[in-house]
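Notes to accompany the following structure.
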Amino acid sequence: MEETRYQKCACENCGQTIQYTPNEAGQIIRCPRCNQESRLPGTPKELKVLEPRPLPPKALKKCRICYAEIDPETNKCPECSERRKQRRIKNVIFLIIVVFGLCILGAVARTVWQKRNTPPPPPAGPLLQPEVRLPKSINDLKIGNFYIEQKRGSDFRTAVGTVENASLNVHFGIRVDLDLLDAQGTKVGSLNDVVKELGSHESWRFVAQVNDTNAVTVKVVSIKENQ
């Protein structure tokens, strides 16, 4: 057993000899004689401060999906997160390509359908020959429908009809004579009217008042031209 070595000093107040161990150096004690506080000489033994040792790292755990090593305190695997991100990007790109392809196919199909269902243009008809001016004739004048017209609620009646010039010639002083007929077709009167000029491809609307109340229809008797 190691022997304890004592050191000696005098009390700061009364000079009494005080024994103390090296471990008590620098401390304040009470003198056994005067009972006053006195500081022991020397410095207290320095205590060594131990550096804290780092805790041993925790063992990494493996992801249950990709088996990559991950932090044991987290449930998210960086490898799986990156793979999901790449998969989403690929899906979006694939969807864009599919939509673009469908648009192209739709446009092509529509074009083909329109080509198949568009009726062919009608065949070109024969070229129209220029109209040739023929010698003036009474046959140039085409007689249309003539009839008696009476407005509703009125006793005023007129004989109306049309005469068309179907040629390039101009006719002058055209006279139309009509017979007025009753319900049995018997002539009960006559009418006539004259137009001074009828140009090429023009129509003349014949209008003349009918005074005979027995007249039901009219009949064109003649059409003449004063040369």
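The values are calculated or read from the model by the stated rules, or taken from the named source; none is laboratory data. Just so it is clear, the structure is predicted and the values come from calculations on it, not from any experiment. Because the Cβ atoms are built from the backbone with ideal geometry, glycine has one as well, and the counts that use them run over all protein chains shown.
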Of the residues that make up region 203-224, is at least one surrounded by 13 or more Cβ atoms within 10 Å (Cβ to Cβ) and at positive phi?
no
When you go through (1) in a strand (DSSP E or B); (2) surrounded by 14 or more Cβ atoms within 10 Å (Cβ to Cβ) one by one for residue 200, which number turns out not to apply?
(1)
Within region 54-105, how many residues turn out to be free of Cβ contacts under 8 Å to residues at least 12 places away in the same chain and in a helix (DSSP H, G or I)?
25
Do you know which residues across region 149-167 are within 30 Å of residue 135 (Cβ to Cβ) and surrounded by 16 or more Cβ atoms within 10 Å (Cβ to Cβ)?
161, 163, 165, 167
Elements of type strands (runs of 3 or more DSSP E) in region 128-169, at least 1 residues being in the same structural domain as residue 200 (by TED's automatic domain parsing), closer than 18 Å to residue 202 by Cβ and within 59 Å of the chain's Cα centre (by Cα):
157-165
Taking residue 170, is it touching an Asp or Glu at 6+ places or on another chain (Cβ under 8 Å) and surrounded by 13 or more Cβ atoms within 10 Å (Cβ to Cβ)?
yes
Number of positions in region 6-58 that are modelled with pLDDT of 75 or more and in contact with a helix residue (DSSP H, G or I) (Cβ under 7 Å, 6 or more places away or on another chain)
2
